[in-house]
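Below: one structure, written as structure tokens.
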Amino acid sequence: MLRIENIKKTFNPGTINEKMALDGVDLNLEDGEFVTVIGSNGAGKSTLLNAIAGVWLVDEGKIFIDNVDVTKLSEYKRAVYIGRVFQDPMMGTAADMWIEENLALAHRRGQRRGLTPGILPEERETYKLLLKEFDLGLEDRLSTKVGLLSGGQRQALTLIMATLQSPKLLLLDEHTAALDPKTAAKVLEVTDKIVEKSHLTTFMVTHNMKDAISHGTRLLMLNNGKIILDIKGEEKKKLTVEKLLEKFEQASGEEFTNDAAILG
Amino acid sequence: MITIQNLIARIPGGIAQGIIWGLMALGVYITFRVLKESDLTVDGSFATGGATAVVLITKGVNPWIAMAIAFVVGIIVGCCTGLIHTKLKIPAILSGILVQFALYSINLHIMGMVANVSCNPTKNNVIITMRNIPGAILVGAVFAALLIGVMYWYFGTEQGSAIRATGNNNHMALAQGINVNNMKVIGFALGNGLVALAGGLMAQYQGFSDINMGRGAIVIGLAAIIIGEVLAEVIFPKGTNFAVRLLFVIIGGIVYYLIMIVVLWLRVDSNDLKLATAIIVMLALAIPNFRKGE
């Protein structure tokens, strides 16, 4: 579903702040695979996600989604294939617009937007049922401004929006990092539910090793802009934080430098 | 003489002009409140609208057709600002200043290289004039009703919603596959189209177009928007729908102009009006920031 061939990205080339953020990454995600991505600070996890999303273009290499070469496509054009949830709960929704308006915008993701009504009456019923399914207490608040919701509610709404039009690929960028532990657990629960229901190919960046181990079908670890560990199948199921740290040290020859990831 | 009769006699004319400034403020509303960009093009595009309408009318063109052309010219001007901002990646505020600056020359060309073109309502066919103030108020009110209706409809469509989302949250809009650059260009275009339309009305109303008639238009537009919002909040503390909020922009324009009339009636030097307006708008823009505790 997602195929990445030897992509490279250097930020601030030719300056004192030059940083090789992606150093030849190859990756092949099968249809329906749910990969969790972990790494120490500055390892390139979010950079890899942004490369796939098209926030900027890569310097080298190719990116294919469902066998379509998207390497040169701009961010809004790639949105046809991609559903996205950001780390900052404020980024994924339009605060001054109603819940139903946000959902209606997401329902038309990647389509031409003309002069037909922005939301049809029958859509409201669909959205109501959908919100009820996730038990967020939002089903009777369709005409509430999203800005009045809590961070957790906004993040759950963003998830629902990202998957309203079943995407070829779901990108989650540390989407629970800004939430308190209880809300984070709830949002992860919603995530699993949505991914399972629609059998979505998912790429989830996280800073939390436990989450990376207990969710998904495959685990990637990045270091210095390279994939250094790729664990799937039975091996992934048997993984523990201790084993993962040990593997990291073997693979990189360094100690893992992200306390939040180990303690979190 | 400062007499009450003198003041009352000036009120109807103030209302008529206030409505026209309110119509202009609807254009400013699109860029300032919907797109959340400060578009300084309007100081130029207001005069462009006035120049285009008056030159065409004095050449015998039907005034409605002249107004339609002024609107289209305003749209083209707004496209220029939008394209300079999105394609050349120059900040919106600077793009607006550049286009506004350039329009000084262009407006002079439209007016045949003179700074002022008169449009005598006895010799020309005009749709609004200060010689018939009740008629002017009626024409202004019809324009207001039509434009509010169209804006209410448009910003509820898929495209209008996409423009609102773009102004609200660029990241969200991109992630939903919205071409934010196109939406910005459309917003700047429509905003300046309305401003030029209002410029065309103002030039006919006052009987001439002038190279400087748009000076300070952005500040007056902001004043109208903010006065309208404050009034709407007082009358509808729980918030109200988009059409009513737009109506309050027109009301804001009227209130702004009536305040100016009172100030002038009090014999304040008219050269000090701009200073007073700037201070009022500055305070009105600042107050909400402090109320939020920022």
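The values are calculated or read from the model by the stated rules, or taken from the named source; none is laboratory data. Please read all numbers here as calculations on a predicted model, not as lab measurements. Virtual Cβ from ideal backbone geometry, glycine too; neighbours counted across all protein chains shown. Side chains included, ligands, DNA and RNA excluded: accessible areas come from the protein's heavy atoms. Shrake-Rupley method; radii C 1.70, N 1.55, O 1.52, S 1.80 Å.
Close amide H contacts of residue A:223 (hydrogens built in the peptide plane, cut-off under 5 Å, sequence separation of 5 or more or a different chain): A:228. One chain, two ends: residue B:142 and residue B:61. Fully extended at 0.36 nm per residue, the span grows by 27.0 nm beyond their Cα-Cα distance.
Toward the positive end of the charge dipole of the protein assembly as shown, about the Cα centre and with charges on Cβ (Lys, Arg +1; Asp, Glu -1), which of B:276, B:225, B:96 goes farthest? About the Cα centre, the residue reaching furthest to the positive side is B:276. Around the amide H of residue A:202, modelled in the peptide plane, lie the amide H atoms of A:33, A:34, A:35, A:170, all under 5 Å away and 5 or more residues distant in sequence or on another chain. Centre-to-centre separation between the Cα atoms of the stretch A:84-141 and those of the stretch B:199-278: 36 Å. In chain B, the DSSP-assigned H stretches of four residues or longer account for a calculated mean residue ellipticity at 222 nm of -25000 deg cm²/dmol, using -39500 (n - 2.57) per stretch and the full residue count as denominator. Note on the protein assembly as shown: antiparallel DSSP beta bridges, both residues inside, total approximately 60 percent of the bridges counted.
When Cβ neighbours within 10 Å are restricted to other protein chains, what is their mean count per residue of peptide B:156-169? Can you show the working numbers first?
Working: counts 4, 7, 12, 6, 4, 11, 5, 1, 6, 10, 1, 2, 10, 10.
Other-chain Cβ atoms within 10 Å of each residue's Cβ, averaged: 6.
Scalar couplings 3J(HN,Hα) for the stretch B:36-46, obtained by applying the Karplus form with A = 6.51, B = -1.76, C = 1.60 to θ = phi - 60°, are 6, 10, 8, 9, 8, 4, 4, 4, x, 6, 5 Hz; x denotes Gly and Pro.
How big is the B/A interface in buried accessible area, both sides summed, 1.4 Å probe, to the nearest 100 Å²? Chains B and A together bury roughly 2100 Å² of accessible area. With respect to the cross-link table entries A:145/A:193; A:145/A:168; A:197/A:238; A:72/A:238; A:72/A:128; A:132/B:89, which display a Cα-Cα separation exceeding 32 Å? Beyond 32 Å between Cα atoms: A:72/A:238; A:72/A:128; A:132/B:89. Placing unit charges on the Cβ atoms only, positive for Lys and Arg and negative for Asp and Glu, gives the protein assembly as shown a dipole magnitude near 1660 debye about its Cα centre. Relative to one another, the C-alpha centroids of the stretch A:167-244 and the stretch A:1-61 are positioned 17 Å apart. Applying Stokes-Einstein at 37 °C and 0.692 mPa s to the Kirkwood radius of the stretch B:159-294, computed over alpha-carbon pairs, gives a translational diffusion coefficient of 189 µm² s⁻¹. Two decimals is fine: what's Rg over Rh for the stretch B:4-289, C-alpha atoms, Kirkwood radius as Rh? Checking Rg against Rh, the ratio lands at 0.96. Of the chymotrypsin sites (Phe, Trp or Tyr not before Pro) in the stretch B:97-206, not one is in a loop by DSSP (not H, G, I, E or B) with at most 12 other beta carbons within 10 Å. Note on chain A: antiparallel DSSP beta bridges, both residues inside, total approximately 55 percent of the bridges counted.
Per the Debye formula on identical point scatterers at the alpha carbon atoms of the protein assembly as shown, with no solvent, log10 I(q)/I(0) at q = 0.05, 0.06, 0.11 Å⁻¹ is -0.28, -0.39, -0.99. Dividing the Cα radius of gyration of the stretch B:1-122 by its Kirkwood radius returns 1.06 for Rg/Rh. Treating chain A as a set of equal point scatterers at the Cα positions, no solvent, please give the Debye-formula log₁₀ I(q)/I(0) at q = 0.08, 0.09, 0.13 Å⁻¹. Relative scattering, expressed as log10 I(q)/I(0), comes to -0.33, -0.42, -0.86. Just the number, please: carbon plus sulfur as a percent of the accessible area of the protein assembly as shown, 1.4 Å probe, no ligands or DNA/RNA counted. Taking all protein chains in place, the protein assembly as shown shows 60 percent carbon and sulfur surface. In this structure the amide hydrogen of residue A:71, modeled in the peptide plane, comes within under 5 Å of the amide hydrogens of A:63, none closer than 5 places in sequence on its chain. Applying 1/(1 + (r/R0)^6) with R0 = 56 Å to the Cβ-Cβ distance of residue B:87 and residue B:271 gives a FRET efficiency near 0.90.
Report the Rg/Rh value for the stretch B:16-56, based on alpha-carbon coordinates and the Kirkwood definition of Rh.
Rg divided by Rh gives 1.03.
Restricting the calculation to alpha carbons of the stretch A:103-239 gives Rg and Dmax of 16.9, 54 angstrom. Think of the protein assembly as shown as a dipole: +1 on every Lys or Arg Cβ, -1 on every Asp or Glu Cβ, centred on the Cα centre; then among A:142, A:17, A:36, A:142 lies furthest on the positive end. Considering only B:188, B:7, A:166, and ranking their Cα positions along the charge dipole of the protein assembly as shown that arises from unit charges at the beta-carbon of Lys, Arg, Asp and Glu, the one farthest toward the positive end is B:7. Using the Karplus relation 6.51 cos²θ - 1.76 cosθ + 1.60 with θ = phi - 60°, the per-residue 3J(HN,Hα) values for the stretch B:160-175 come to x, 5, 5, 5, 4, 5, 4, x, 6, 7, 4, 5, 4, 4, 4, 5 Hz, with x marking Gly and Pro.
Could you let me know the centre-to-centre spacing of the stretch B:13-77 and the stretch B:112-182, using Cα atoms, in angstrom? Cα centres, the stretch B:13-77 to the stretch B:112-182: 7 Å.
Highest mean packing first, where packing is the average number of other Cβ atoms within 10 Å per residue, the peptides B:25-34, A:128-137, B:262-271 line up as B:25-34, A:128-137, B:262-271.
Helices meeting the span-like rule in chain A (full DSSP H runs, Cα extent of at least 20 Å along the helix axis, mean Kyte-Doolittle score of -1.0 or higher): A:181-198.
When +1 charges are put on Lys and Arg Cβ atoms and -1 charges on Asp and Glu Cβ atoms, the dipole computed for the stretch A:111-264 relative to its Cα centre reaches about 540 debye. When only the Cβ of Lys, Arg, Asp and Glu is charged (+1, +1, -1, -1), the dipole of chain B relative to its Cα centre reaches about 120 debye. In sequence order, the stretch B:227-238 has phi-based couplings of 4, x, 5, 5, 4, 4, 5, 5, 7, 10, x, 8 Hz under the Karplus curve 6.51 cos²θ - 1.76 cosθ + 1.60, θ = phi - 60°, and Gly or Pro positions carry x. When the alpha-carbon atoms of the stretch A:197-251 are used, the pair Rg, Dmax equals 11.4, 37 angstrom. Ligands, DNA and RNA are left out, and with a 1.4 angstrom probe the accessible area of the stretch B:72-132 is 58 Å² per residue.
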